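Okay, structure first, notes after.
The values are calculated or read from the model by the stated rules, or taken from the named source; none is laboratory data. Being a predicted model, the structure only gives us computed values, none of them experimental. Methodologically, a virtual Cβ is constructed for each residue, glycine included, from the backbone with ideal geometry; neighbour enumeration extends over all protein chains shown. Surface accessibility is based on the protein's heavy atoms, side chains included, excluding ligands, DNA and RNA. Shrake-Rupley method; radii C 1.70, N 1.55, O 1.52, S 1.80 Å.
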Amino acid sequence: MPDAADTPLFAGRPLRRRAASDDPQLLGADLHPVLGRLYSARGVRNSADLALSLDRLLPVGTLEGVEPAVELLIAHRGGRVLVVGDFDADGATSTALLLRALRAWGFAQVDFLVPNRFEFGYGLTPEIVELAAKNGAPTLLVTVDNGISSHAGVALARSLGIAVLITDHHLPAATLPDADVIVNPNVPGSRFGSRALAGVGVAFYVMAALKRKLDALGLVDAKAPPVAEFLDLVALGTVADLVPLDLNNRVLVAQGLKRIRAGRCAAGIRALLEVAERDREQLTATDLGFIVAPRLNAAGRLDDMSIGIRCLVTDNLAEARATAARLQQLNQERRSIESEMQALALTAVKGIDLPSRSKRHGLCLFDAGWHQGVVGLVASRVKDRVRRPVIAFARATDATSGGSLRGSARSVTGVHVRDVLDAIATREPDLIAKFGGHAMAAGLTLEERWLDRFSQAFDAECALWMARAGGEDAIETDGELPAHDIALSTAQLLRDAGPWGQGFPEPSFDGVFAIKSSRIVGDKHVKLWVQHPDDNASFDAIAFNYIDGEQRRAAPSGNVRLVYRLDINEYRGERKLQLLVDHLQAVS
């Protein structure tokens, strides 16, 4: 294979084909050869790992802390339980799951509180505890998708006589908060078989253990919904949070998708699919991540995630549709704001020499006019462009900020951005006020006066990580497809073979094609009619965002190497194969 040309879309990045690690035949002689090759390249070792039934889940009791959590919950079954969530899709689905389950299983008083990011910031802060205490003090606070770094908030709650149950999946600091019970597969010493659970996955495990105990004690009747009824929420939150789809998470997502496709889902999910004009019966994990989750997240980014939670909690379809319409409006506003911010950010990084790592290794971007709720999306877009870790900052607007900056970080493979921040905080303890997150995404707060100093420290630490990681910043594909496999039937096969996602990437292929015709559509996309060299078979293709706004380019012609995915284009009841082009380069 020739090296990738230095073109605007490939930007000097070579192609690297995923290699099947074992003989694909070991997965079963009746498995389609393309699927055998794809699964093997993703680390699937035997046919048993292709079974995604609920009995493949890691046993509920093996997650440390679930049994004490259940005892704590049952002790407060007659009290007031307040669920404290987070303002993203994982937090919203986690909150909705607990509300729906606890209310259905006979808990006397269950309510929720989600910190508005523009007033209180993230997590179980002392301010949130004070607010909860003023509004009729709960007997039990339960955090979902947060809490593992909330030392001060937990301490205040317990001093007020409020019990605290933390359910979280974020990486902890050196010490844990003094909660009554903590359930988190990422705490030191955990032996649970997966560290990849999203916040909603942790919440699901706690609820599964609770339902089992309630059944054993005879505290719920036979009509009470099983915990599996809430797998639609688990699938949505898991995909939205971009956690790795290991086998355990693939089971959760596959089972949740199955329920949604069959119409056995929350009214809010149905309503969100309606406003997005997405066919429920053909839903994929990719649709959850790119269609449903952004609409839900828009509430937390621009307004109040309580809107999204109400959408997911209600059983009234009319109410769900009204709330989904509001989320749709917020998402349109978010897209407009993001577009303006992204244009400024891309202008700022335009001069960076992309093929070279010698100039900057980690980028920090800030504009005084940027929206605090949208900087994470901007960081993600710029990260995709410059292929290195990026933090986008905005001025914090919440009551606890004190004139600080809020930063949202996005990283690349080989650079664990939360550990990058931890290393900086260890060397310079006065620099970062607080931080938290994962390998690929994190958040932080720092004083604006320290931005330049932090930027230098971030760049230097990222350089160390990149040097250790080594290797080229390659575009990974699953190799070439023969012309007879570039077909509608193969596209359907791949759609049914998911879920695909983070850590278990959607199949993509590469190959040389001759462009028979091309035209620019919608100002920035290009429609192609391409011919395969093997048997002259021709295919419809589209490259979205081919025109990126920085320069106008003519529609491509001649021979090109494409990196593409197989897609099914459905229009007016007709289904046709379409190649979704991710990268394109001219070849001689």
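If you take all other residues with their beta carbon under 13 Å from the beta carbon of Val563, and give Lys and Arg +1 and Asp and Glu -1, the sum is 0.
Here segment 193-311 is described by how far its Cα atoms reach on the three principal axes: 43, 31, 30 Å, from widest to narrowest. Note on the chain: with charges restricted to the Cβ of Lys and Arg (+1) and Asp and Glu (-1), its dipole about the Cα centre is near 460 debye. Sites listed here are GluC sites (Glu not before Pro) in segment 265-303 whose DSSP assignment is loop and whose Cβ has at most 10 other Cβ atoms within 10 Å: Glu277. Summing Cβ point charges (Lys, Arg +1; Asp, Glu -1) relative to the Cα centre of segment 420-520 gives a dipole of roughly 240 debye.
Taking all protein chains together, Tyr39, Tyr122 sort by accessible area into Tyr122, Tyr39, largest first [probe 1.4 Å].
Which of the following values of semi-axes √(5λ) of the Cα gyration tensor in Å was calculated from the structure shown: (i) 45, 35, 22; (ii) 40, 30, 22; (iii) 51, 32, 19? Matching the structure shown: (ii).
Dipole of the chain computed with +1 at Lys/Arg Cβ and -1 at Asp/Glu Cβ about the Cα centre; of Thr167, Ala222, Leu236, farthest Cα towards the positive end is Leu236. Work out the charge dipole of the chain with +1 on the Cβ of Lys and Arg and -1 on the Cβ of Asp and Glu about the Cα centre, then indicate which of Gly414, Ile515, Val83 is farthest towards its positive end. Sorting the options by dipole projection puts first Ile515.
For the chain, DSSP calls about 65 percent of its internal beta bridges antiparallel.
Per-residue packing, averaged as other Cβ atoms within 10 Å, sorts the ranges 224-232, 240-248, 489-497 into the order 240-248, 224-232, 489-497, beginning with the highest. Can you bin segment 235-378 into rounded, prolate or oblate? Criterion: square roots of the alpha carbon gyration tensor eigenvalues sorted a ≥ b ≥ c, rounded for a/c under 1.5, prolate for a/b above b/c, oblate for the rest. Oblate shape, in that a/c is at least 1.5 and b/c is the bigger or equal ratio. Partner lysines whose Cα lies under 26 Å from the Cα of Lys524, excluding those fewer than 8 positions away in the same chain, are identified as Lys350, Lys383, Lys516, Lys576. Please name whichever of Gln502, Gly308, Ile475 sits farthest to the positive end of the charge dipole of the chain, dipole taken about the Cα centre and charges placed at Cβ: Lys and Arg +1, Asp and Glu -1. Towards the positive end, the residue furthest out is Gly308.
Each principal axis of segment 87-186 carries a Cα extent, and these read 38, 29, 28 Å when sorted largest first. For the pair Leu50 and Leu160, label points projected 7 Å from Cα toward Cβ lie 5.4 nm apart.
In a reduced charge model with +1 at each Lys and Arg Cβ and -1 at each Asp and Glu Cβ, segment 185-333 shows a dipole moment near 440 debye about its Cα centre.
Within segment 62-81, whose backbone N sits under 18 Å from a point 7 Å along Cα→Cβ of Leu217? What the label zone holds, given the 18 Å backbone N cut-off, is 65-81.
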